[in-house]
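The values are calculated or read from the model by the stated rules, or taken from the named source; none is laboratory data. All values reported here derive from a predicted model rather than from experimental measurement. With ideal geometry, Cβ positions are generated from the backbone for all residues, glycine too; neighbour counts draw on all protein chains shown.
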C-alpha cells in the first residue's frame, strides 16, 4: 500500500497519470545486479517495457545494457547515455533506415531473425564500409506456458530462424563478407512464472550449440533472452522478483563453452512493480447485476487488460476509514466494451472523486498508451526519493 504522504502528493495532480517509485526501481536493479554479477552475466534492459527517461537513467546508471526492437529505441538508448557497445537490436522487421542508423552507431550486435534480413544487413554494412556483428535468433520450439500473444518461441510464431533453416543460412553467410557471426539469440516469451521453461530452454540451447560445434563454428555469445514474470496478484508480497533463483538456473543447466559470454534481456522484471496508473472515479453507476466504478483512465492509458485479459490489482487510495467493501466492475470512459480493468472487484466503497491505483503497471503500460478518442495522459509523477 502506498504511503499516505505519496497519496497526498497524488491528490495534487490532475489524473490520469503514471507514477513511478524510483526507490523501488533502484532496489530492484540492485537485486538483479547482485544476482547476476557472480556469473559475469551481461544483462540488457528491454526498452519495449518502458522508455520513460528517468527510468532509463536509473537503469543505465546501474550498469545495464539496452535491448532494442526498433530504430527509435536504439536512438533513445544512445541519447540516454547507454554505450553503443552495450546495445543490441532485435526485431523481425528492421527497416533499412533503422539498420543504417544502428550501423553508424557501431552497436554491439544485431539479433537477426531471417535470411532476407541477414542479406540486407550485409548489403547495408558494405555500403557503409562497416562490418556488422550479428547473432542468429533461433526459434527453439519451447512452450513458455504463458498467454499466446506473448509466446515467441514456437514454430508457428513469426520470430526467429527455425532449426531446419540453419544449413541454408550458414551456407549463404559464407558469401557475406560484411558480417561477423558472434552468437546465438533465443527468447521464448514473456511473463514466464514457470521457471522450468528456462531449464527446457537451456537443454535446447545445448543441443543447438552442438550443431554449430560439429561444423567448427565458434560462438562468442549465447543470448538467452528474458521473460521472467512478476506477481500481478500480490505486488506487495513480491515487489522484487526472485532474480537469484532465476539466474542460478543457467549455470546448472546451460553448457557454456570456454570463452563464451552469456547475455540476458530483461524488461518487465525490472520495471513492472515500480509503476502504477493513478486515476479518479468519475461516476459510480448501479447496474442490474453489478455496480460500475467509471474511471477517467481507460484502455487508452493501460491496454493490457483489454489486449491480454491481464489482471492488475486495483486499490482505492482514498477510501473512507472503515468503509465497507462492495463489488464493482472497474471500467474506463472509452466507447468499447473491452475498456474494463477488472470485473467483480472487491473494493472499499467507491465514490466520485476517489483516487484509484492500478498496480504493477510499470511494464507495457505507459509505453503502449494511445491517443484513441483523442485522449492523453497527464505528466508522469515520480516518488520514493
Keeping to the range 40-58, report how many residues are loosely packed, with under 15 Cβ neighbours inside 10 Å and assigned to a helix (DSSP H, G or I). 3
Pick from 160, 229: which is surrounded by 15 or more Cβ atoms within 10 Å (Cβ to Cβ) and at pLDDT 95 or above? 229
Can you name the condition, by its number, that residue 57 falls short on among (1) over 30 Å from residue 161 (Cα atoms); (2) not assigned by TED's automatic domain parsing to the domain that holds residue 224? (2)
Residues of the range 340-359 that turn out to be surrounded by fewer than 18 Cβ atoms within 10 Å (Cβ to Cβ) and in contact with a helix residue (DSSP H, G or I) (Cβ under 6 Å, 6 or more places away or on another chain), as a count: 0
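For the range 294-323, give me each residue that is within 18 Å of residue 353 (Cβ to Cβ) and out of contact with any helix residue (DSSP H, G or I) (no Cβ under 9 Å at 6 or more places or on another chain). Write out each step before concluding.
Residues of the range 294-323 that are within 18 Å of residue 353 (Cβ to Cβ), as a first pass: 294-298, 314-321, 323.
Of everything in the range 294-323, those that are within 18 Å of residue 353 (Cβ to Cβ) and out of contact with any helix residue (DSSP H, G or I) (no Cβ under 9 Å at 6 or more places or on another chain) turn out to be 294, 295, 296, 297, 314, 315, 316, 319, 320, 321, 323.
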Can you spot a residue in the range 188-200 that is modelled with pLDDT of 90 or more, over 30 Å from residue 240 (Cβ atoms) and surrounded by fewer than 20 Cβ atoms within 10 Å (Cβ to Cβ)? no
Hey, could you check the range 174-219 for residues that are over 26 Å from residue 107 (Cβ atoms) and assigned to a loop (DSSP other than H, G, I, E, B) and say which is nearest to the chain's Cα centre (by Cα)? 191
Tell me, which residue of the range 1-35 that is free of Cβ contacts under 8 Å to residues at least 40 places away in the same chain and more than 24 Å from the chain's Cα centre (by Cα) is nearest to residue 275 (Cα to Cα)? 3
Surrounded by 22 or more Cβ atoms within 10 Å (Cβ to Cβ), farther than 21 Å from residue 226 by Cβ and modelled with pLDDT of 95 or more: is that true of residue 172 in this structure? no
Note on the range 319-339: residues surrounded by fewer than 18 Cβ atoms within 10 Å (Cβ to Cβ) and closer than 20 Å to residue 235 by Cβ are 325
Please specify each residue of the range 269-297 satisfying the condition of being closer than 16 Å to residue 19 by Cα and either without any contact (Cβ under 8 Å) to a residue 40 or more places away in the chain or within 24 Å of the chain's Cα centre (by Cα) (or both). 270, 271, 272, 273, 274, 275, 276, 277, 278, 279, 297
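A quick yes/no check of all residues on (1) more than 20 Å from residue 275 (Cβ to Cβ); (2) modelled with pLDDT of 95 or more:
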| residue | (1), (2) |
| --- | --- |
| 312 | no, yes |
| 317 | no, yes |
| 333 | yes, yes |
| 337 | yes, no |
| 342 | no, yes |
| 348 | yes, yes |
| 355 | no, yes |
Which one of these does residue 52 not meet: (1) closer than 25 Å to residue 379 by Cβ; (2) out of contact with any helix residue (DSSP H, G or I) (no Cβ under 7 Å at 6 or more places or on another chain); (3) in contact (Cβ under 8 Å) with a residue 40 or more places away in the chain? (2)
